[in-house]
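Trainee: Got a structure for you, written out below as structure tokens; questions coming shortly.
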Amino acid sequence: MRTLLLTGPGGSGRTTVAAATALRAAREGQRTLLISADRADTLGAEHANLTLRTLAPGDEFRDDLLALQNRASSALDLLGAGRLEGEELTPLPGSDELALLRALRDAGQGAYDTVVVDLPPVPRALAVLALPEQLRRYLRRLLPPERQAARALRPMLGRMAGVPMPAGWLYETAAHRDTELAAAQAVIEAPGTTVRLIAEPGPAGADAVRAATTGLALQGLRVDAVYANRVLPDDTADTWFAALIAQQRKTLAEWQETYGESVVHLPHAGHEPRGADDLAALRAPAPAAAPGPVDWPVVDALAEDGVLVWHIPLPGVAREELGLIRRGDELVVTAGPFRRIVPLPSALRRCTVAGAGLREGELRVRFAPDPGLWPSAR
């Protein structure tokens, strides 16, 4: 399955480009799914091979909360809590993100050739993509699976206390959520998943693309295309557009130098695209073949000076924006506004951090083997 995650700054035309990309894939005979939080169907992206899933976070939040309330009914009755009715429930912050993750999970279980996802604007999209890994880490810390061995004591504790113990369903719920998050994470990290950035060429768009590239690299996600949207024609006689066109050409030249052939020019339609003909006129590229797996990060073999080097790609980040902390068996990496807690490979857990440096858009962390943790040679 080929999964395309489309994002960009707000107002850049993400939903339109996502609909055009999905429609082209469907017209080429691919079984295509388009996931969007917006009313993408109003753009006219309709085809026999195209399935549209518009997220409904309010409905999913209500169903989840009512199900949890039913599972915890004994404890709630003991506390004298009043029951919530479905009609009074409104979605809370974060329900949109969870609905999107659930849609990704379901997409991985469907029979689709191509999945096009209209993500929220940057940086909210980056937070959503990082959410499965973060939530699974929190669950493992708060409810370690190995602690379930104590379940044999719960009936006895329940009889002693005279009330039902909630620990059983709590662990079951955590395990169920972990399975759901793992399925969504598998789609995000799959070899066939790539990100496409949409932005209008200009100073604001350039800043957004640069920041998004760094944040995506920190998550181990690759950008396979940068859509320069609403590109103005060079041959216009209207002098009022001259400064804007010059600004666009400068940014396009910078993107071409940085991203090469992955930069795609989408011309300005002169109006808001509506209907299949307008979407086809955008000339959104067809989804390319899956690029293959990414090894992230990469650990070098022992160098001549006896250290291991961990390579973490971080394009676009400045040295003063970097932060690095060793925390037990994890490495906390900060790049500008983004942060990721990365588990260390087993070999590096037996090492100490000997230094780090930024070179050619890549963070290189040096690890020296700890003699007290490595087996001694005989």
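Trainee: Under 1.5 on a/c is rounded, so check that first for the stretch 298-369, then, if it is not, pick prolate when a/b is larger than b/c and oblate when it is not; a ≥ b ≥ c are the square roots of the alpha carbon gyration tensor eigenvalues.
Mentor: It is oblate, given that a/c is not under 1.5 and a/b is not larger than b/c.
Trainee: In what order do Ser73, Ser95, Ser262, Ser12 fall by count of nearby beta-carbon atoms within 10 Å, going from fewest to most?
Mentor: Ser73, Ser262, Ser95, Ser12
Trainee: Provide Glu200, Glu330, Glu97 in ascending order of the number of other Cβ atoms located within 10 Å of each residue's Cβ, fewest first.
Mentor: Ranking Glu200, Glu330, Glu97 by Cβ neighbours within 10 Å, fewest first, gives Glu330, Glu97, Glu200.
Coordinate-derived values only; no laboratory data. As the structure is a prediction and not an experimental result, all values here were calculated from the model. Glycine gets a Cβ as well: all are built from the backbone with ideal geometry, and neighbour counts include every protein chain shown.
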